[in-house]
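Input: a single structure, listed below in structure tokens.
Nothing in this text is a laboratory measurement; each read-out follows from the coordinates by a stated rule. Owing to the predicted nature of the structure, the values given are computational and were not obtained by experimental measurement. Don't worry about glycine lacking a Cβ; one is built from the backbone with ideal geometry, like all the others, and counts go over all protein chains shown.
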Amino acid sequence: MARLDILEYPHPRLRIKAEPVTVFDESISQLIDDMFETMAEAQGIGLAASQVDVHQRVIVMDISDERDEPRIYINPEIEVLEPGTLPYDEGCLSVPGFYETVERPANVIIRALDRDGNAFEEEAVGLLAVCIQHEIDHLEGRLFVDYLSPLKRDRIRKKLKKQRA
Ligand code: GNR
Ligand code: NI
């Protein structure tokens with residue numbers, strides 16, 4: 001297992017669109033294990049491969065309080081079930097220390113592949129619905145700050161730059 005470096009906003013590689021996984025071999029399995037280790041260390045509830053500079057459509061997640069319910073989504077798709085939205089204070093390991101309210105569809109169906117390439121689907125509400133949409137955005141090269149006003153986004157960018165200097 002290895003802990004991977006997490007790219008931070010406004011790193012240009014966070015904007016790369018990830019490619020679907022086509023081969024389910026030991027290297028994908030290793031990537032998934034490393035992503036779980038990286039997410040746990042950073043105390044995140046989700047991580048997209050894009051954040052660790054691997055541009056394949058792989059997401060790991062654990063939204064449980066006990067951190068004992070690992071979830072894996074490969075080549076995920078969502079279908080919005082209800083018109084309603086859920087405002088949620090989102091954070092991101094690639095935008096460390098900033099939390100802002102984002103509104104997203106509250107109820108979705110997730111269709112994805114597991115670690116072995118087997119298809120599954122599940123219905124998501126609440127934090128699971130929020131998190132899967134946040135992670136799929138990463139795979140598309142989108143970040144939660146893209147939903148904020150240009151002014152707020154620029155403030156965050158400048159503060160992060162200052163913190164790193
Ligand atoms: O750890 C995370 N917490 C979080 C809180 C609210 C909405 C989304 C998230 S995902 C984030 C980890 C992360 O950056 N995943 O891409
Ligand atoms: Ni994120």
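Local charge sum around LEU151 (other residues, Cβ-Cβ under 15 Å, Lys/Arg +1, Asp/Glu -1)?
Local charge sum for LEU151: +3.
For the range 1-95, what is Rg from Cα atoms divided by 2.2 N^0.38 Å, rounded to two decimals?
On the way: Rg = 13.9 Å, N = 95, 2.2 N^0.38 = 12.4 Å.
For the range 1-95, the normalised Cα radius of gyration is 1.12.
Near VAL95, within a Cβ-to-Cβ distance under 15 Å, what is the net charge of the other residues, with Lys and Arg +1 and Asp and Glu -1?
Once all neighbours under 15 Å are counted, the net charge is +4.
Bin by bin, in steps of 10 Å, what percent of the Cα pairs in the range 69-151 do you find, going until the bin that has the longest distance?
In whole percents, the pair-distance histogram is 17, 48, 29, 5, 0.
Determine the sum of side-chain charges near ILE45: Lys and Arg each +1, Asp and Glu each -1, restricted to other residues whose C-beta is under 12 angstrom from that of ILE45.
So the environment of ILE45 carries a net charge of -3.
What Rg and what Dmax come out for the chain when only alpha-carbon atoms are used, in angstroms?
Here Rg and the maximum Cα pair distance are 15.4, 45 Å.
Quote the relative contact order of the chain in percent (integer), defining contacts as alpha-carbon pairs under 8 Å separated by 6+ residues.
In percent, rounded to a whole number, it is 23.
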